[in-house]
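The values are calculated or read from the model by the stated rules, or taken from the named source; none is laboratory data. Every value quoted in this text rests on a predicted model; they were computed, and no experiment measured them. Here Cβ is always computed from backbone atoms with ideal geometry, including for glycine, and neighbour counts include all displayed protein chains.
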Amino acid sequence: MSPGISEDNKRRVGRVSKNFFLHIHANKVHPHSLETSYTFGLGMILGFLFLVMILTGVVLMMNYTPSIERAYNSVKDIVFVVPGGRYIRNIHRWAAHGMVLLSFLHLIRVFFTGGYLAGRRLNWIIGVSILVVVLFMNFSGYLLPWDQLGYWAVTIGSNIAASFRELTDILGITQVLDIGGFIKKLLIGDETVGQAALSRFFMLHVIFLPVTLMVLSGVHLWRIRKDGGISRPQKQPVQAEGVAQAEVAVNQDINGADDRGREKFYSWPVVMWAELAILLLTVAALLVMAFLFDAPLREGANPDLAENPAKSPWYFLGIQELVSYSAFAGGVIIPILFLVFLISIPYLDREDQKLGVWFSGKTGRKLTWQSLGISFFVTVLFVFILVRFGWFRSWFPDIPQIIIMLVNPATLSALFYMLWAVWIKRKTGSGRMSAIALFTCVMTGFVIYTAIGIWFRGPNWEFYWSSSQWPVF
Ligand code: HEM
């Protein structure tokens, strides 16, 4: 503790550092960290949602049996017999979807404020791993009620996992090297979704993934402190003194004043009040959701009665849409490229002086809108051509599958996004601008394909403007 610290401040430091739950906080924080228009409190809400999921999950587990004979009825018991069970289940379900949605929003906020710059690279990569774990935690929970919805969603998911087969089929080597089949079997433990899948998903959902998420989140929060707290704009160096000066400014000011010269203040009690407010709002929102909307529970799983359309959970519907063009391109190449791109962002963009400024300023903001518009236009155009006029297979029935695999709306969109980013890099010479262009295009494409999967695909994965137009079988 620094000499000369007043009694009052000593008490403030003690409140935080001597308390097991609070000592994760720094003694002092920067005013910028509390600006809602910067973080929107998303990371904090995510943390609280995870906490709610653990608490409600433990209660659910006490009443749930992971066997294909008992699972469905045990969930029905939770909903109709266990006192308050319906609401505990609803809260658990909505918190889970909230985590997926907010993880994406948090990632978008961190990206556009350059929160991965100036030494925060590792934490960005940890964040990307967290996103993957959150997705699979949600997905593994989907199967547990053992109803038609979960059963067919996971069946579709496991078929996506087998997407490698398209490539090995083209090469004619599936008989000897069935990589897709291997991945599928690793996931569900059998050829079809059954007891092996349920046992696996249960263990993944209640032990392996939550523990992994706990460890990753712990490291994530520790890294935020190690990196000097939540990012913020740095003091601008005097123009004439050049780049070297800019670098010094960034490095010196990580732990000091920001561009407005504001200094840090003691985190007790203001930060605790802010966090308490976020916690209460999060819980209130979940309670309202839980009272208004019931988590879905369809008829018990029936392997002989396929859902049509069988849809994966909403966050995988973008991938399911891409898989409908080509299993290998949509289920393997594009998701891998997406992850590689996310991980490589801090390596593509090293302009540390842009740390903490939304869109890196006016130019970046304009570029974001341009990229959004152009990506929207191009992506929708490809889908329009496909829906309205068909694709190579309907024009040339004998065309080799490899061409369909390599040239479809998904691969063409991805290629376009990359060319656009390369062009921006050439035009501006800035890695940050190029990253903004690519990130915006990719996210826009992701949202469009997901929206198509959610709202515009019906039986046999045909395009419909609304589910009211679906044929009645
Ligand atoms: C369970 C999920 C997560 C939790 C609990 C969590 C928690 C937090 C918290 C509390 C903060 C500081 C405050 C804020 O930015 O709101 C933060 C910052 C950060 N998060 Fe996350 N996060 C999660 C997921 C992610 C994901 C998916 C990414 C994406 C790559 C990510 C990357 C980062 C980075 C790089 C920072 C530092 C940003 C900066 O200093 O401006 N996090 N996170």
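When residue 243 is tested against (1) of a type in the set (A, V, I, L, M, F, W, C); (2) away from the ligand (no atom under 16 Å from the Cβ); (3) part of a helix (DSSP H, G or I); (4) at pLDDT 95 or above, only condition (4) is not met. If the condition is being polar (S, T, N, Q) and out of contact with any His (no Cβ under 9 Å at 6 or more places or on another chain), then segment 107-128 contributes only 113.
Given the residues 371, 413, which is the only one that is farther than 19 Å from residue 328 by Cα, modelled with pLDDT of 95 or more and buried (at least 17 other Cβ atoms within 10 Å of the Cβ)? Break it down stepwise before answering.
Working: 413 fails: farther than 19 Å from residue 328 by Cα.
Going through 371, 413 in turn, just one is farther than 19 Å from residue 328 by Cα, modelled with pLDDT of 95 or more and buried (at least 17 other Cβ atoms within 10 Å of the Cβ): 371.
Residue selection: residue 78 satisfies the criterion of being within 27 Å of residue 193 (Cα to Cα) and away from the ligand (no atom under 12 Å from the Cβ). Only residues that are more than 8 Å from the ligand (Cβ to nearest atom) and within 12 Å of the chain's Cα centre (by Cα): list them for segment 103-128, please. Listed by number, the residues that qualify are 105, 108.
Looking across segment 349-368, the residues that are surrounded by fewer than 16 Cβ atoms within 10 Å (Cβ to Cβ) and in contact (Cβ under 8 Å) with a residue 24 or more places away in the chain come down to 350, 358, 363.
Of all residues in segment 167-198, those being in a helix (DSSP H, G or I) and either in contact with a Pro (Cβ under 6 Å, 6 or more places away or on another chain) or of a type in the set (A, V, I, L, M, F, W, C) (or both) number 12. Go through the residues of segment 82-93 one by one and say whether even a single one is within 16 Å of the ligand (Cβ to nearest atom) and assigned to a helix (DSSP H, G or I). For segment 82-93, residues within 16 Å of the ligand (Cβ to nearest atom) and assigned to a helix (DSSP H, G or I): present. The set of residues from segment 97-154 being out of contact with any Asp or Glu (no Cβ under 9 Å at 6 or more places or on another chain), within 19 Å of residue 345 (Cα to Cα) and not in a helix (DSSP H, G or I) comprises 113, 115.
With respect to residue 21, is the statement that it is within 30 Å of residue 137 (Cα to Cα), among the aromatic types (Phe, Trp, Tyr) and modelled with pLDDT of 95 or more true? In short, no.
The residues of segment 112-135 that are surrounded by fewer than 21 Cβ atoms within 10 Å (Cβ to Cβ), of a type outside the set (Val, Ile, Thr) and farther than 16 Å from residue 222 by Cβ, listed by number, are 112, 131, 135.
In this structure, is residue 138 within 16 Å of the ligand (Cβ to nearest atom) and under 13 Å from residue 313 (Cβ atoms)?
Numbers: within 16 Å of the ligand (Cβ to nearest atom): yes; under 13 Å from residue 313 (Cβ atoms): yes.
When the stated conditions are applied, residue 138 passes them.
Within segment 263-286, is there a residue that is at pLDDT 95 or above, in contact with a Phe, Trp or Tyr (Cβ under 9 Å, 6 or more places away or on another chain), buried (at least 21 other Cβ atoms within 10 Å of the Cβ) and among the polar types (S, T, N, Q)? So far as segment 263-286 goes, yes, one or more of its residues are at pLDDT 95 or above, in contact with a Phe, Trp or Tyr (Cβ under 9 Å, 6 or more places away or on another chain), buried (at least 21 other Cβ atoms within 10 Å of the Cβ) and among the polar types (S, T, N, Q).
Can you say whether residue 238 is farther than 30 Å from residue 181 by Cβ, modelled with pLDDT of 95 or more and either more than 11 Å from the ligand (Cβ to nearest atom) or surrounded by 18 or more Cβ atoms within 10 Å (Cβ to Cβ) (or both), as far as the supplied structure shows? Break it down stepwise before answering.
On the way: farther than 30 Å from residue 181 by Cβ: yes; modelled with pLDDT of 95 or more: no; either more than 11 Å from the ligand (Cβ to nearest atom) or surrounded by 18 or more Cβ atoms within 10 Å (Cβ to Cβ) (or both): yes.
For residue 238, the condition - farther than 30 Å from residue 181 by Cβ, modelled with pLDDT of 95 or more and either more than 11 Å from the ligand (Cβ to nearest atom) or surrounded by 18 or more Cβ atoms within 10 Å (Cβ to Cβ) (or both) - is not met.
Matching residues to (1) within 16 Å of the ligand (Cβ to nearest atom); (2) in a helix (DSSP H, G or I); (3) under 24 Å from residue 226 (Cβ atoms):
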position: 14; (1), (2), (3): no, yes, yes
position: 20; (1), (2), (3): no, no, yes
position: 23; (1), (2), (3): yes, no, yes
position: 52; (1), (2), (3): yes, yes, no
position: 73; (1), (2), (3): no, yes, no
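Please count how many residues of segment 113-129 are β-branched (Val, Ile, Thr) and within 22 Å of residue 36 (Cβ to Cβ). Going through segment 113-129 one residue at a time, the tally reaches 1.
Could you tell me which residue of segment 14-37 is surrounded by the fewest Cβ atoms within 10 Å (Cβ to Cβ), considering only residues that are under 28 Å from residue 113 (Cα atoms) and of a type in the set (Val, Ile, Thr)?
Of segment 14-37, the ones under 28 Å from residue 113 (Cα atoms) are 22-37.
From what's left, of a type in the set (Val, Ile, Thr): 24, 29, 36.
Working: 24: 13, 29: 18, 36: 9.
Across segment 14-37, the extreme among qualifying residues is 36.
Residue 78 passes every criterion in (1) within 22 Å of the chain's Cα centre (by Cα); (2) surrounded by 21 or more Cβ atoms within 10 Å (Cβ to Cβ) apart from (1). Could you please let me know if residue 365 is outside any helix (DSSP H, G or I) and either within 29 Å of residue 122 (Cβ to Cβ) or of a type in the set (Phe, Trp, Tyr) (or both)? For residue 365, the condition - outside any helix (DSSP H, G or I) and either within 29 Å of residue 122 (Cβ to Cβ) or of a type in the set (Phe, Trp, Tyr) (or both) - is not met.
When segment 379-403 is filtered for residues that are assigned to a helix (DSSP H, G or I), surrounded by fewer than 19 Cβ atoms within 10 Å (Cβ to Cβ) and of a type in the set (Val, Ile, Thr), the ones remaining, listed by number, are 380, 385, 387, 402, 403.
Does residue 68 satisfy the criteria of being in a loop (DSSP other than H, G, I, E, B), more than 16 Å from the ligand (Cβ to nearest atom), touching a helix residue (DSSP H, G or I) at 6+ places or on another chain (Cβ under 7 Å) and in contact (Cβ under 8 Å) with a residue 40 or more places away in the chain?
Details: in a loop (DSSP other than H, G, I, E, B): yes; more than 16 Å from the ligand (Cβ to nearest atom): yes; touching a helix residue (DSSP H, G or I) at 6+ places or on another chain (Cβ under 7 Å): yes; in contact (Cβ under 8 Å) with a residue 40 or more places away in the chain: yes.
For residue 68, the condition - in a loop (DSSP other than H, G, I, E, B), more than 16 Å from the ligand (Cβ to nearest atom), touching a helix residue (DSSP H, G or I) at 6+ places or on another chain (Cβ under 7 Å) and in contact (Cβ under 8 Å) with a residue 40 or more places away in the chain - is met.
Scanning segment 335-362 for residues that are within 13 Å of the ligand (Cβ to nearest atom), within 23 Å of the chain's Cα centre (by Cα) and part of a helix (DSSP H, G or I) yields 338, 339, 341, 342, 343, 344, 345, 346, 358.
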